[in-house]
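These notes concern the structure reproduced below.
No lab work stands behind these numbers, since they all come straight from the coordinates. These figures come from a predicted structure and were not determined experimentally. Quick reminder, even Gly has a Cβ in these numbers, built from the backbone with ideal geometry, and neighbours come from all protein chains shown.
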Amino acid sequence: MLKLFIQIAALFLLIALTYPATTFFYELATHPADVFTVSYLITPIQDAVIINITITYNGSVPLTPFNATIAIVKENEVLLSGSAYRDTLNKGDSVTISLEVPYDILQESKPEIRINLSPNGILPMQIRIREAG
Amino acid sequence: MKSHSYSIWSISSKIIGGIIHGCITWLIYTYILPKIFTAFDFHGLAGARLTSTAWLGLLAFFIALGVAESIMRKHPISLILTAFTGFIGFSILLYILNYGQIRTEIEYEGYIIGITIDLRLILTAAFLLITLPVILLTAYEYFKKRTEEM
């Protein structure tokens, strides 16, 4: 009986531990565009473009830590990358990543956003956003 | 005569207790814990590849272990069976959850959003909170009984 009680108590504790991650994942699965708003600004310069990407977080669960990277990828190989790191990202916070990409690299590769985060510091996860096709 | 009927009742209750314990262990390791850790559908989970025969086989296996453990409660082998049940249950959980690395992909407005979750930290917590205490508690109960009997 005591063993069963311990198992049930442990299950409730695990549910409590995973609740922030479940909430975050539910928000992301149902309304991905509302959880992260991504806006970008591309400024051409002489032989390159400067890409500024701003990621705004609108989810309810604090993300501890949060690390976002823009990677210029060609056949799974990262040619260039730029990152932004925050210890904690709360609802309404934004991060901006800036990256200078030469034209020749831009023509033969695709940008990809990689976000490493952990809802309430419990479950580390990586989100990769890339163009379909 | 009276002691004979008591003995049958005692064995039946141990068997029923073992069946219930086996079912609960099966439910915890193959259904409840994977559901807690993967609240949403994930592609390619090893657990999804298990057939219904495999699930029933696992249920029968846990029931058999539960009954054996319940009948041999006073024997030292019950400790080994408890530990074995815990480790097998935890190993099945690891297998179902791809050894702690699960991923899914959502296609949204021309973009592919890939999500990879590292469950190793929470699986360690599950081992420390569920598997280990049950083994330690069984060992404690066994040695306490042995000391009282001496």
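Counting only pairs 8 or more places apart or on different chains, how many lysine pairs in chain B have C-alpha atoms closer than 29 Å?
8
List B:9, B:26, B:55 from most exposed to least, where exposure is judged by having the fewest other Cβ atoms within 10 Å.
On the way: B:9 10, B:26 24, B:55 14.
With the sparsest Cβ surroundings first, the list reads B:9, B:55, B:26.
Expressed as an acute angle from 0 to 90° and rounded to the nearest 10, what is the orientation of the C-alpha long axis of helix A:2-30 relative to the principal long axis of chain A?
30
Per q in 0.10 1/Å, what log10 I(q)/I(0) does a Debye calculation on the alpha-carbon atoms of the range B:2-149 return?
-0.45
Helix hunt in chain B: which complete DSSP H runs extend at least 24 Å axially by C-alpha with mean Kyte-Doolittle at least 0.0?
B:2-27, B:52-71, B:77-96
Mind listing the long-range amide H neighbours of residue B:102? Cut-off is under 5 Å, sequence gap 5 or more, other chains count too, H placed in the peptide plane at 1.01 Å from N.
For residue B:102, the qualifying residues are B:117, B:119.
Normalised by the empirical 2.2 N^0.38 Å for globular proteins, what value does the Cα Rg of chain A take?
Here the Cα radius of gyration is 1.33 times the empirical estimate.
Enumerate the lysines that residue A:110 could reach by cross-link, defined here as Cα to Cα under 19 Å, with residues fewer than 8 away along the same chain left out.
A:74
How compact is the protein assembly as shown by the rule of thumb for globular proteins, expressed as Cα Rg over 2.2 N^0.38 Å? Could you put the intermediate results ahead of the total?
Numbers: Rg = 25.7 Å, N = 283, 2.2 N^0.38 = 18.8 Å.
Rounded to two decimals, the normalised Rg is 1.37.
Running a GNM on chain A with Cα contacts under 10 Å, which residue among A:115, A:53, A:45 ends up with the highest mean-square fluctuation?
For chain A, modelled as a Gaussian network with Cα springs under 10 Å, the answer is A:45.
Where a Cα-Cα gap under 17 Å defines reach, which aspartates and glutamates qualify for residue A:3, not counting those fewer than 8 residues away within the same chain?
Answer for residue A:3, where 17 Å is the Cα cut-off: B:69, B:141, listed by chain and number.
Which whole number gives the average, over all residues in B:112-124, of C-beta atoms from other chains lying within 10 Å of the residue C-beta?
Values: counts 7, 11, 7, 9, 6, 8, 6, 5, 2, 6, 7, 1, 0.
Mean shielding count: 6.
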